[in-house]
Amino acid sequence: MSESEILYYPENEYQKEFDATVIKSNKDENYVVLDRTLFYKEGGGQPADKGNLFWNDHETHVADVQKEHGEIRHYVDGSVPEEGVEVHGQINWERRYSHMRMHTAQHVVSMVVLDMYDASTAGNQVHEDRSRIDFEPADFDEEDLEAIEKEVNRIIDEDISLDKSEMDRDVLEEKTEEGRTNLDLIPSHIDPLRAVKIGDIDICPCGGTHVDSTGELEEFNIEERKSKGQDVERIIFSLK
């Protein structure tokens, strides 16, 4: 197993380029493992980063990043650099920043809906243009959606700072509101956990990338509501 230092962790999401060494090269499956990386691996409802690796007058496109068998594997579309090669990595910043904004918006919406309607987040998926959250138990009407949208935009307008840091698991479990997230899904051996805190209104464990303040979300809009079964409601939203 090859370990990689995660450079965006816990609060370095705004760095766009980095240098690293290839510690594993698999040309049969078109992936490399680096000793350090800024690329976000897919997980937690957030897609992987994309970008490019440069070395010795060569360039290859990073099309996907997954954690498999304990390794962060960067899958490439072009040539695969050899083990031991020094590479310069560059992430697709527009894609990364869109996901940062959307993932932070998901936290705000999940917090608002839990507080206003006692509905927990049953699942979520972040995209660049639109994202979705499933809530349970929930049965929203148009007035509910307007109230959610209004409260989320109020929090955005307040431009509340986010804090991302490591925290002892037992402390974070105590601070996280019941129903806010399912800590049981996080393997018990992971300790400490990365905590994402929005001012003094929300805190929960999360390994995703986030902006530094709610003001960066600009404007939240609910685009659609869908019923996904008994007591499960899906909200699809966008940001300005």
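Taken together, the values in this text are just the output of simple stated rules run on the coordinates, not laboratory data. Everything quoted here is computed from the prediction, not taken from an experiment.
I want to verify a result. In a Gaussian network model of the chain, Cα cutoff 10 Å, which of these has the top mean-square fluctuation: Glu219, Glu146, Glu42?
Maximum fluctuation in the GNM of the chain, among the listed residues, is at Glu146.
Tell me the mean residue ellipticity at 222 nm calculated for the chain from its helices only (DSSP H runs of n ≥ 4, each -39500 (n - 2.57), averaged over every residue, nearest 500). All intermediate terms of the calculation are to be shown ahead of the outcome.
Working: 3 runs with 48 residues, N = 240.
Taking each H run of at least 4 residues, the total per residue is -6500 deg cm²/dmol.
Top mean-square fluctuation among His127, His74, His88, Gaussian network model of the chain, C-alpha springs under 10 Å?
Taking springs between Cα atoms under 10 Å, the residue moving most is His88.
May I ask for the angle, rounded to the nearest 10°, between helix 93-117 and the longest principal axis of the chain, with both axes built from Cα atoms and the value confined to 0 to 90°?
Taking Cα atoms only, the helix is inclined about 30 degrees.
Would you mind telling me which residue in Pro205, Pro192, Pro81 has the biggest mean-square fluctuation in a Gaussian network model of the chain, where springs connect alpha carbons within a distance under 10 angstrom?
The residue that fluctuates most here is Pro192.
Go from 0 up to the bin containing the longest alpha carbon distance in segment 96-239, width 10 Å each, and give me the % of pairs per bin.
Reading the bins upward from 0: 12, 43, 36, 9, 0.
How long are the three semi-axes of the equivalent ellipsoid of segment 5-91, in whole Å, if each is the root of 5 times an eigenvalue of the C-alpha gyration tensor, listed from largest down? Kindly include the intermediate steps, with their values, before the conclusion.
Numbers: eigenvalues 69, 42, 27 Å².
Taking √(5λ) for each eigenvalue gives 19, 15, 12 Å, largest first.
Could you state the number of Å between the C-alpha centres of segment 25-81 and segment 124-184?
30
If you take the C-alpha gyration tensor of the chain, multiply each eigenvalue by 5 and take the square root, what semi-axes do you get, largest first, in whole Å?
Each semi-axis is √(5λ); the values are 34, 19, 16 Å.
Quick one: work out the % antiparallel among DSSP beta bridges in segment 5-91, nearest 5.
95
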